[in-house]
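The structure appears below as structure tokens.
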Amino acid sequence: MSGAFPEPVVVTTAAELREASARLLRDTGVPLPSLGLVPTMGALHAGHAGLATAARDGNDVVVASIFINPLQFGEPADLERYPRTLDADLELLGRCGVDLVFAPSGAEMYPGGEPQVRVRSGPLADKLEGAARPGHFDGMLTVVAKLLHVAQPPVEARFRAYFGQKDAQQLVLIRCMVSDLNFPVGIVGVPTVRASDGLALSSRNAFLSAAERKAALVLPRALRLLEERAARHEALDPDSVLDMLASERSVSLDYLEIVDPGTLEPLAFNCRHVPFTGSALAVIAARVGPVRLIDNMRLGPE
Ligand code: PAF
């Protein structure tokens, strides 16, 4: 234990997780308790603390998982350099009041090596992030499906799982999987946490130099500009935003799109040059130095 907060109990097998969560749920004494799951890959920051805190506020028992899922990485080098910070992660989760951490090994999650059967994410996963990272969303959904099964409360209880709105396409795909395949879990999207300079928190920010980080701020600036125009019901004029992005030489834009928040289908660009009404999501991805960054912002009301 470090600091004033108790670290959560750590379990490494699905069997231990079931046993420990059943005990915690029973010990609440609540007739129909609730369990909140926060799936992570570790390297936790204040954005993950936001997920854990939302789960803590909304549930009787909170479980977080830490598993660096090899199936969702394209390049072996990316998987290799993904930060491993278990001690700091446990301390952060303890501070957020997480009860139990599931930190399985690769062999526990995939005992036969790479699984024969995977979740196929369908055409929604072919665009935006999926176009840049083939196979990523299949790997992500496969592990999320496994985690939702493994963490399913073993006694009668309500079940919710928490994911960040920053990964907008991931969140939409998880909602689709849960609804299309009737998973008995509620999915909660938690707002993006930003640093004081506006950059959306991400474990990848650690790989930015000071100059690259400064340049990366053009992403939230561009999104805010669209948000302000939408709030004033002005034309969004994305071309002027593209000019602004192009003015940062070290930022290489992959996409900036205005999409439907539920389906991520591009909106007919009636909002380009006529007053914006309704609601949309602006999604952006760019390479800054060695890092690919993504961000998004809601335009109009939720
Ligand atoms: O968002 C993440 O950290 C991962 O994609 C997730 C949902 C934990 C699955 O590995």
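With an 8 Å Cα cut-off and a minimum separation of 6 or more residues, compute the relative contact order for segment 40-158 in percent.
Values: 116 pairs, mean separation 37.1, N = 119.
Relative contact order for segment 40-158 comes out at 31 percent.
Using Cα pairs under 8 angstrom and six or more residues apart, how large is the relative contact order of segment 21-75, in percent? Write out the running numbers ahead of the final one.
Values: 60 pairs, mean separation 23.5, N = 55.
Taking the mean separation of contacting Cα pairs over the length of segment 21-75, I get 43 percent.
Among the aspartates and glutamates, which have Cα under 18 Å from the Cα of Lys146 when same-chain residues fewer than 8 positions away are ignored?
The qualifying aspartates and glutamates are Glu16, Glu19, Glu108, Glu114, Asp138, Asp180.
Helix-only mean residue ellipticity at 222 nm, the chain, DSSP H runs n ≥ 4 weighted -39,500 (n - 2.57), per residue, nearest 500. What is it? Each step should come with its number before you reach the end.
Working: 11 runs with 109 residues, N = 302.
Counting only the DSSP helices, I get -10500 deg cm²/dmol.
In whole Hz and in residue order, list the ³J(HN,Hα) couplings for segment 63-68 that follow from phi through the Karplus curve 6.51 cos²θ - 1.76 cosθ + 1.60, θ = phi - 60°; x for Gly and Pro.
With coefficients 6.51, -1.76 and 1.60, one gets 10, 10, 10, 10, 8, 7 Hz.
Only Cα pairs within less than 10 Å get springs; with that Gaussian network setup on the chain, which residue of Pro39, Pro115, Pro154 has the largest fluctuation?
Pro115
In whole Hz, what ³J(HN,Hα) sequence does segment 132-141 give by Karplus (6.51, -1.76, 1.60; θ = phi - 60°), x for Gly and Pro?
Running phi through 6.51 cos²θ - 1.76 cosθ + 1.60 with θ = phi - 60° gives 8, 9, x, x, 4, 6, 4, x, 5, 5 Hz.
Considering only DSSP beta bridges whose two residues both sit in the chain, what percent are antiparallel, to the nearest 5? Please list the in-between numbers first.
Working: 19 of 40 bridges.
The antiparallel proportion sits near 50 percent.
Just Gly278, Gly50, Gly36 to compare: in a GNM of the chain, with alpha carbon springs under 10 Å, which one fluctuates most?
Gly278
Each label point is 7 Å from the Cα along the Cα-to-Cβ direction; what then is the distance between the points at His149 and Ala46, in nm?
3.8 nm
Using a 1.4 Å probe, what is the accessible area per residue for segment 251-302, in Å²?
Working: 2310 Å² over 52 residues.
Computed with neighbouring chains in place, this is 44 Å² per residue.
Rounded to the nearest 20 Debye, what is the dipole magnitude of segment 13-152 about its Cα centre when Lys and Arg each give +1 and Asp and Glu each give -1 at the C-beta?
Numbers: 12 positive and 17 negative charges, 56 e Å.
In debye, rounded to 20, segment 13-152 gives about 260.
Using only alpha carbon pairs under 8 Å that are at least six residues apart, calculate the relative contact order of the chain and give it in whole percent. Kindly include the intermediate steps, with their values, before the conclusion.
Values: 536 pairs, mean separation 52.5, N = 302.
Relative contact order of the chain: 17 percent.
Near the amide H of Arg158, under 5 Å away, which other amide H atoms are found, from residues 5 or more places off or on another chain, if H is placed in the peptide plane?
The answer is Ser34, Leu35.
For segment 1-40, what is the accessible area per residue in Å² when the probe is 1.4 Å? Let's see the in-between values first.
Details: 2190 Å² over 40 residues.
Accessible surface, normalised per residue, equals 55 Å².
With θ set to phi - 60° and the Karplus curve 6.51 cos²θ - 1.76 cosθ + 1.60, what are the ³J(HN,Hα) couplings of segment 44-55 in order, to the nearest whole Hz, using x for Gly and Pro?
3J(HN,Hα) across segment 44-55, in whole Hz: 6, 9, 4, x, 5, 4, x, 5, 5, 5, 4, 5.
What is the Cα radius of gyration of the chain over 2.2 N^0.38 Å, N being its residue count?
Numbers: Rg = 20.0 Å, N = 302, 2.2 N^0.38 = 19.3 Å.
That ratio works out to 1.04.
How large a share of the accessible area of the chain, in percent, is made up of carbon and sulfur atoms when the probe is 1.4 Å and the other protein chains stay in place? Could the numbers behind the result be given before it?
Details: 7610 of 14140 Å².
Exposed carbon and sulfur together represent 54 percent of the surface.
Give the accessible surface of segment 85-211 per residue, rounded to a whole number of Å², with probe radius 1.4 Å and ligands, DNA and RNA excluded. Numbers along the way, then the final one.
Numbers: 5790 Å² over 127 residues.
Roughly 46 Å² per residue, with all protein chains present.
Determine how many Å³ per residue the convex hull of the Cα atoms of segment 12-159 encloses. Show your work: numbers first, answer last.
On the way: hull volume 18.6 nm³, N = 148.
Considering the Cα atoms of segment 12-159, their hull volume per residue is 126 Å³.
Given +1 on the Cβ of Lys and Arg, -1 on the Cβ of Asp and Glu, and no further charges, what dipole in debye does the chain carry about its Cα centre, rounded to the nearest 20? Please list the in-between numbers first.
On the way: 29 positive and 36 negative charges, 32 e Å.
Roughly 160 debye for the chain.
The values are calculated or read from the model by the stated rules, or taken from the named source; none is laboratory data. Since the model is a prediction, treat every value here as computed from it, not as a measurement. In this analysis, Cβ positions are derived from the backbone assuming ideal geometry, glycine residues included, and neighbour counts consider all displayed protein chains. Side chains are part of the model used for accessible areas, which takes the heavy atoms of the whole protein and leaves out ligands, DNA and RNA. Shrake-Rupley method; radii C 1.70, N 1.55, O 1.52, S 1.80 Å.
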